[in-house]
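Report on the following structure.
The values are calculated or read from the model by the stated rules, or taken from the named source; none is laboratory data. Here the structure is a predicted model, which is why all the values come from computation and not from measurement. Neighbour counts are summed over all protein chains in view; Cβ atoms, including those assigned to glycine, are modelled from backbone coordinates with ideal geometry.
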Amino acid sequence: MAEIRLQQLAHSYSATPSGPEDYAIREMTHIWEQGGAYALLGPSGCGKSTLLNIISGLLSPSEGKVMFDSTVVNDMSPEQRNIAQVFQFPVVYDTMTVYDNLAFPLRNQGMAEAKIQIKVQEIADVLDLQPLLKKKAKGLTADEKQKVSMGRGLVRDDVSAILFDEPLTVIDPHLKWKLRRKLKQIHEQFNITMVYVTHDQLEASTFADKIAVMYGGQIVQFGTPRELFEKPHHTFVGYFIGSPGMNLIEVKPEAGGVGFGGIHLPLPDALQQRLASTQWTTLKVGIRPEFVHVWDGPFDDAMCADVTYVEDLGTYKILTLDLAGQSLKVRLQEDKPVPQGQAWISFPAQWLMLYADEFLLEAAVNQLPASEVPHE
Amino acid sequence: MSKVQNNKAWWLVLPVFLLVAFSAIIPMMTVVNYSVQDIFDQSSRYFVGADWFRQVLQDPRLHDSLLRQFIYSFCVLLIEIPLGIAIALTMPTKGRWSSLCLIVMTIPLLIPWNVVGTIWQIFGRGDIGLLGWFLNNVLHISYNYAANASDAWVTVLVIDVWHWTSLVALLCYSGLRAIPDVYYQAARIDRASNWAVFRHIQLPKMKSVLLIAVMLRFMDSFMIYTEPFVLTGGGPGNSTTFLSQTLTTMALGQFDLGPAAAFSLVYFLIILLVSWVFYTAMTHGEKN
Amino acid sequence: MKKRETSPWKKIVPLWIYLLFLLVPIYWLVNMSFKTNTEILGGLTLFPQDFTLANYKVIFTDESWYSGYINSLYYVCLNTVISLSVALPAAYAFSRYRFLGDKHLFFWLLTNRMAPPAVFLLPFFQLYSSIGLFDTHIAVALAHCLFNVPLAVWILEGFMSGVPKEIDETAYIDGYSFPKFFGKIFIPLIGSGIGVTAFFCFMFSWVELLLARTLTSVNAKPIAAVMTRTVSASGIDWGVLAAAGVLTILPGMLVIWFVRNHVVKGFALGRV
């Protein structure tokens, strides 16, 4: 399989949905390409698990199509799709040994015992489960159980995609990184598509090549961790990624740009034109704490803000500033001097983002990809 | 839950202890007392040691009764446990049908035991009972639970199945409901057949409730008195006379207090022993 | 959630057969309760040709009949109240504390459930006679405690263990005394557990015949005993017997109705 395509997919749990709030997944079109390591990132309740269950076939979407290559698979049961899924809650068959657990899917397929043995040994090797093979699955620790769950997905040779639904939730923190590394290794070794659902941005950025951020039932941005950081397409992405998240301020349009509370922020011409021709109800600017420029002293157009709080975090500091009534966070490298009482800051144009109705507004040149055009 | 060591907790337990002790220890002492004495009347009694026990353990009446009882309990378990599991698997899990199903199934459990006997006593008669009439006149099978020993046996078994299978089914049903959905989902991904799902997921998860079911059914069937008594009075002959009835006849009917008391103790010990064996066997797997 | 495609018929048909199996004998009893004795003995009819309420009238008007129901209901309620009141603190103790002999005590309680009632017939008879409680409701209520209290403790302990200890500790920090905490905070939390326990106490006490009959003669005679002694000179009064039987099923159905939402959890005795 070369790709998983979601075509105008939407899902509502109610039989007669009356408005967008009834939809767990709002209409989306999205492609997952073969062999990629993807993360599906978002807060609880945004529809991540629903989406995963739709891809694997445990749930039938109320609208739209799920396609593997060019075949529509909506009516295919999970047994018929070549997909494995690892759940948040480690599922092992208590009465069987680890070996039998791993062999289970293969036995259900009717594979010959000799072949099963080879495959199970191979996967046990990869997951470091060798010493546990004869042990009953019941007595394992949570991370060992989760490895067995993953093993059951990997052991099948017809599997072309594995879906992970927050699999590290029950794992101890000091074991999480080990398992994450293991997953990365497996991905490189087997070249299977992997979709990893999580609400932890750190997990997402370390595991995935590309992250799909989900919010309110929609994929609001799909890109590399760096793209998500530098150019969030949605205020939620800005807020969710990064620690602390992006500063967001409500503004009104003014001549030459936008403004709030007496502060004027100039915008490039192209962007001003774009703004003028767009309908919007809320307008915000966003800038990441890392990108706010702090001057050593008063400067030309620099704005003056009051320093309300300084947090020292070792290699860097977080300043909380008050700019015309708005609270801002700024990240300062450890070698820079800490402004006392007042700080002089400016927002470099390349990092200042404009958001109309939560979505990024850009000058006409770069259009948002089709999968991210907001649907009402 | 981590419990705190505190002997003052005995104050909380005291009412229960006193109540049950009153109901259990005092009578038990009486029984033990009687079992080692020969009692003619209130004023003349003398110690006979283990005589009654010896007599009781050699009494052929008792052997017969005991054998009958074991066979009966064995049949009961053999039928009711698998049937209960099977019914639990077919019960709907939500919606109005689910409530209705639960209510209908609980009804037999709440009928006084003598009424259970009466219902079937009527139901099974050839003249006024639907079942009796149906068997005799429509299927032309001659059926008379009052005269024919095997008919009586079958009827008593059917009564028990009618009366108590719901308990097993409801216990298993609650066990099944506690299985998280995730297990079924994983099984589908693993392409497991229905049988594999039953064997590897449902059955193991039902172990604790099955234990309760087996023990309750064994204990209660081993102590059964009312239903067979109302139906056949123990007959024809003594083909449906089980242990409790034999004991009751000895104690109240014939007033053989000594042997009755000895028998009581033996009876109690048998139940205790077999229950313990069941319990250990079923939890043995857990110890690994 | 898309479930696996087993034909629904494979599930529905056996279930319905079983449910019919349960209902048909009861239907027959109800059927009979609305017939006259002549019709019953005359021939087999699926519905009463001569529909009559006379049988029920007898029960509601004849004191020897309706007193049986009142007696039964009385001691069953007594028993439920007593069992619950003593079991609640005890279950709390088992759930929250370890104390000297706790495991042995718990096991001993359960063994009482295993004792054949027949074993206790005579001793109870003598015991209650000697303290002057023979033929009273309280005697039967207390006697039934032998089986119901262990069960109540077992069920309640299961439910109580599901309530985290942190709730107790928070209440104490907030200044609640133990009785106040127990009454105002803890009991509402295990409400369904109490309902289920009451259901089981009711059930086992309502249906028990042997002890109830042995310990009573006239004043506290339960309906079960009244029914088993209904043989008059003209033979068994089937119609009235059937009506009496139907009336004994009704309280049970009422009780099920009240706890129907908790039946499932309750049947696992809080231990699933």
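Among the residues making up segment B:184-211, a single one is away from chain A (no Cβ under 14 Å) and either in contact with a strand residue (DSSP E or B) (Cβ under 8 Å, 6 or more places away or on another chain) or surrounded by 23 or more Cβ atoms within 10 Å (Cβ to Cβ) (or both): B:209. Of a type outside the set (D, E, K, R), buried (at least 21 other Cβ atoms within 10 Å of the Cβ), within 20 Å of residue A:164 (Cα to Cα) and at the interface with chain B (Cβ under 9 Å from one of its Cβ atoms) - does that describe any residue in segment A:96-107? Checked against the condition, which is being of a type outside the set (D, E, K, R), buried (at least 21 other Cβ atoms within 10 Å of the Cβ), within 20 Å of residue A:164 (Cα to Cα) and at the interface with chain B (Cβ under 9 Å from one of its Cβ atoms), segment A:96-107 yields at least one hit. Note on segment C:93-190: enclosed helices (runs of 4 or more DSSP H) holding 1 or more residues that are of a type in the set (S, T, N, Q), in contact with a helix residue (DSSP H, G or I) (Cβ under 6 Å, 6 or more places away or on another chain) and more than 22 Å from residue C:73 (Cα to Cα) are C:102-113. Taken over segment B:172-183, residues that are within 7 Å of another protein chain (Cβ to nearest Cβ) and not in a helix (DSSP H, G or I) amount to 2.
If you check residue B:193 against the conditions, is it within 19 Å of residue B:278 (Cβ to Cβ) and of a type in the set (Ser, Thr, Tyr)? For residue B:193, the condition - within 19 Å of residue B:278 (Cβ to Cβ) and of a type in the set (Ser, Thr, Tyr) - is not met. Restricting segment C:158-171 to residues that are among the hydrophobic types (A, V, I, L, M, F, W, C) and facing chain B (nearest Cβ under 10 Å) leaves a set whose member that is farthest from residue C:213 (Cα to Cα) is C:163.
The listed residues are A:223, A:238, and the only one of them that is out of contact with any Gly (no Cβ under 7 Å at 6 or more places or on another chain) and crowded, with 17+ Cβ neighbours inside 10 Å turns out to be A:223. Just one of (1) at pLDDT 90 or above; (2) small (Gly, Ala, Ser); (3) surrounded by fewer than 16 Cβ atoms within 10 Å (Cβ to Cβ) fails for residue A:276. It is (1).
Given the criteria at pLDDT below 85, buried (at least 18 other Cβ atoms within 10 Å of the Cβ) and farther than 25 Å from residue B:264 by Cβ, does residue C:99 qualify? Spelling it out, residue C:99 is indeed at pLDDT below 85, buried (at least 18 other Cβ atoms within 10 Å of the Cβ) and farther than 25 Å from residue B:264 by Cβ.
Hey, any hits in segment B:88-107 for a residue that's in contact with an Asp or Glu (Cβ under 7 Å, 6 or more places away or on another chain) and either surrounded by fewer than 20 Cβ atoms within 10 Å (Cβ to Cβ) or of a type outside the set (Gly, Ala, Ser) (or both)? No.
Within the option set B:221, B:264, being within 7 Å of another protein chain (Cβ to nearest Cβ), out of contact with any His (no Cβ under 8 Å at 6 or more places or on another chain), within 24 Å of residue C:209 (Cα to Cα) and among the hydroxyl-bearing types (Ser, Thr, Tyr) holds for one residue only, B:264. Counting the residues of segment A:2-52 that are of a type in the set (Ser, Thr, Tyr), part of a loop (DSSP other than H, G, I, E, B) and without any contact (Cβ under 8 Å) to a residue 60 or more places away in the chain gives 4.
Scanning segment C:33-54 for residues that are within 33 Å of the chain's Cα centre (by Cα), within 23 Å of residue C:227 (Cα to Cα) and within 11 Å of chain B (Cβ to nearest Cβ) yields a count of 4. Against the definition (under 17 Å from the mean Cα position of the chain (by Cα) and free of Cβ contacts under 8 Å to residues at least 60 places away in the same chain), how does residue B:82 come out, yes or no? Spelling it out, residue B:82 is indeed under 17 Å from the mean Cα position of the chain (by Cα) and free of Cβ contacts under 8 Å to residues at least 60 places away in the same chain. Of the residues making up segment B:47-98, those that are acidic (Asp, Glu) and either within 12 Å of chain C (Cβ to nearest Cβ) or in a helix (DSSP H, G or I) (or both) are B:51, B:64, B:80.
Considering only segment C:117-157, how many residues are buried (at least 21 other Cβ atoms within 10 Å of the Cβ), more than 8 Å from chain B (Cβ to nearest Cβ) and of a type outside the set (Ser, Thr, Tyr)?
Residues of segment C:117-157 buried (at least 21 other Cβ atoms within 10 Å of the Cβ): C:117-124, C:127-128, C:137, C:139-157.
Of the ones still in play, those that are also more than 8 Å from chain B (Cβ to nearest Cβ) are C:128, C:137, C:139-141, C:144, C:147-148, C:151-152, C:154-157.
From what's left, of a type outside the set (Ser, Thr, Tyr): C:137, C:139-141, C:144, C:147-148, C:151-152, C:154-157.
Going through segment C:117-157 one residue at a time, the tally reaches 13.
Inclusion of residue B:186 among residues that are more than 18 Å from the chain's Cα centre (by Cα) and either assigned to a loop (DSSP other than H, G, I, E, B) or among the small types (Gly, Ala, Ser) (or both) is warranted. Of the residues making up segment A:64-78, those that are more than 25 Å from residue A:151 (Cβ to Cβ), touching a residue at least 24 places away in the same chain (Cβ under 8 Å) and surrounded by fewer than 22 Cβ atoms within 10 Å (Cβ to Cβ) are A:64, A:65, A:67, A:69. With respect to (1) farther than 30 Å from residue C:96 by Cα; (2) modelled with pLDDT of 85 or more, the lone exception for residue B:61 is condition (2). Looking across segment C:252-270 at every residue that is within 8 Å of chain B (Cβ to nearest Cβ), part of a loop (DSSP other than H, G, I, E, B) and buried (at least 20 other Cβ atoms within 10 Å of the Cβ), the one that is modelled with the lowest pLDDT is identified as C:269. Annotation note: of B:243, B:216, the sole residue that is in contact with a Phe, Trp or Tyr (Cβ under 7 Å, 6 or more places away or on another chain) and more than 30 Å from residue A:101 (Cβ to Cβ) is B:243. Exactly one residue out of B:226, B:249 is without any contact (Cβ under 8 Å) to a residue 12 or more places away in the chain, closer than 22 Å to residue C:125 by Cα and among the hydroxyl-bearing types (Ser, Thr, Tyr), and it is B:249. Number of residues in segment A:198-210 that are touching a Gly at 6+ places or on another chain (Cβ under 9 Å) and farther than 25 Å from residue A:329 by Cα equals 4. Apart from one condition, residue A:81 fits all of (1) assigned to a loop (DSSP other than H, G, I, E, B); (2) in contact (Cβ under 8 Å) with a residue 60 or more places away in the chain; (3) charged (D, E, K, R); the exception is (2). A single entry from B:252, B:247, B:257, B:272 fulfils the requirement of being in contact with a strand residue (DSSP E or B) (Cβ under 7 Å, 6 or more places away or on another chain), at pLDDT below 85 and facing chain C (nearest Cβ under 10 Å): B:257. Annotation note: of C:29, C:88, the sole residue that is aliphatic (A, V, I, L, M), under 21 Å from residue C:238 (Cβ atoms) and within 12 Å of chain B (Cβ to nearest Cβ) is C:29. As a summary of the residue check, residue A:77 satisfies the conditions (1) away from chain B (no Cβ under 14 Å); (2) out of contact with any strand residue (DSSP E or B) (no Cβ under 9 Å at 6 or more places or on another chain) except for the one numbered (1).
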